[in-house]
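Working notes, structure below.
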Amino acid sequence: VMPFSTGVIGEPLPVDVIKGALPAALADLQAEGWSRAAGAILTTDTRPKLATLTLEIDGSVVTLTGMSKGAGMIRPDMATMLAFLATDAELPAPLLERIFRDAVNASFNRITVDGDTSTNDAAVIAATGRSGVSLSAESGNSLEAFSEALESLCVELAQAIVRDGEGATKFVAVQVEGGADSAECEAVAYTIAHSPLVKT
């Protein structure tokens, strides 16, 4: 069991309430529980953020599904956002960590709502292997297709956080070109995106 939380920083969690609810939660586990879970983790969000996609690899269908939450105090890293993803493909943990980190850096770590940071954020992924599709560093085009699908799913979930931002009425994408490197471009983009003058 891995606990995750957002909310008031420094406020102890109601351990007895959580312990009391665990048996019923365990008994209620179901493969179709994603939408209920996506709704259950909301705080100031106005709607659940849930997405899924499939791709064909070597004649078999691979599924990726994810949910995220967040609406305020959004500017990784750190920010008050959570994202949980899963795939039925099988990948070695170090490889999955590497491609997931790349996907997170291209999605959740590129969004901002208010420029405020927090102590409570997480993005995690689980690979069950239930599809029977196994990917490795030698999987070539199949691994590339999977990586692109994972990044696409992360971008969709990250953008859903921005669209549901506290007080947000616009969705803006800032594209910077011509910088010395990606870090310089990102610094310029955040300067623009965090400017109250630009926002008003």
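The values are calculated or read from the model by the stated rules, or taken from the named source; none is laboratory data. This structure is a prediction, so every number in the text was calculated from the model and none was measured. Positions of Cβ are backbone-derived with ideal geometry, glycine not excepted, and every protein chain shown enters the neighbour counts. Side chains are part of the model used for accessible areas, which takes the heavy atoms of the whole protein and leaves out ligands, DNA and RNA. Shrake-Rupley method; radii C 1.70, N 1.55, O 1.52, S 1.80 Å.
The ellipsoid that matches the Cα gyration tensor of the stretch 95-142 has semi-axes, each √(5λ) in whole angstrom, of 29, 13, 8, with the longest given first. Each residue of the stretch 42-59 was assigned a 3J(HN,Hα) from its phi angle through the Karplus expression (A = 6.51, B = -1.76, C = 1.60, θ = phi - 60°), giving 5, 10, 8, 4, 9, 7, x, 10, 9, 8, 8, 8, 10, 8, 9, 10, 6, x Hz with x at Gly and Pro.
Work out, step by step, the length gained on full extension between residue 53 and residue 136: first 0.36 nm times the residue separation, then minus their alpha carbon distance; give nm to one decimal. Could you put the intermediate results ahead of the total?
Numbers: separation 83, 0.36 × 83 = 29.88 nm, distance 2.05 nm.
Extra length from residue 53 to residue 136 when fully extended: 27.8 nm.
In this structure, residue 200 and residue 105 have a Cβ-Cβ separation that, at R0 = 22 Å, corresponds to a calculated FRET efficiency of about 0.15. Protection proxy ranking for 4-17, 53-66, 150-163, 186-199, using the average of other Cβ atoms within 10 Å per residue and placing the highest first: 150-163, 53-66, 186-199, 4-17.
Where both residues lie in the chain, what percent of DSSP beta bridges are antiparallel, nearest 5? Please report the intermediate quantities before stating the final value.
Working: 15 of 23 bridges.
Antiparallel bridges: around 65 percent, rounded to the nearest 5.
Cross-link partners among lysines for residue 19, C-alpha distance below 25 Å, same-chain residues fewer than 8 apart left out? Within the straight-line cut-off, residue 19 pairs with 69. Couplings 3J(HN,Hα) for the stretch 127-133, derived from phi with the Karplus relation 6.51 cos²θ - 1.76 cosθ + 1.60 (θ = phi - 60°), are 10, 8, x, 6, 6, x, 8 Hz, where x marks Gly and Pro.
Taken about its Cα centre, the chain carries a charge dipole of about 620 debye when Lys and Arg each add +1 at the Cβ and Asp and Glu each add -1 at the Cβ. For the chain, adding -39500 (n - 2.57) for each run of n ≥ 4 DSSP H residues and dividing by the number of residues yields -11000 deg cm²/dmol at 222 nm. Stretching residue 128 away from residue 46 to a fully extended chain increases their span by 26.5 nm, per 0.36 nm per residue minus the current alpha-carbon distance.
Give, in nm to one decimal, the length gained when the segment between residue 171 and residue 37 is fully stretched (0.36 nm per residue of separation minus the Cα-Cα distance).
Working: separation 134, 0.36 × 134 = 48.24 nm, distance 2.57 nm.
Length difference between fully extended and current span is 45.7 nm.
Over all distinct Cα-Cα pairs of the chain, the Kirkwood formula returns a hydrodynamic radius of 18.4 Å. For the peptides 132-145, 75-88, the ranking by mean Cβ contacts within 10 Å, running from highest to lowest, is 75-88, 132-145. In plain terms, if you count all Cα to Cα distances in the stretch 64-116 and split them into 5 Å steps from zero, the share in each step is 5, 18, 25, 23, 15, 9, 4, 1 percent.
Can you divide the C-alpha Rg of the stretch 126-200 by 2.2 N^0.38 Å and report the result to two decimal places? Mind showing how you got there, number by number?
Numbers: Rg = 17.8 Å, N = 75, 2.2 N^0.38 = 11.3 Å.
Ratio of Rg to 2.2 N^0.38 Å for the stretch 126-200: 1.56.
Straight-line cross-link partners of residue 170 among the aspartates and glutamates, defined as a Cα under 20 Å from its Cα and at least 8 positions apart when in the same chain: 45, 114, 116, 156. Computed from the C-beta positions of residue 24 and residue 63, the FRET efficiency with R₀ = 30 Å rounds to 0.65. Based on protein heavy atoms only, the stretch 13-70 ends up with 64 Å² per residue of surface accessible to a 1.4 Å probe.
Roll a 1.4 angstrom probe over the protein heavy atoms and tell me the percent of accessible area of the chain that is carbon or sulfur.
Values: 6490 of 11820 Å².
Carbon with sulfur: 55 percent of the solvent-accessible area.
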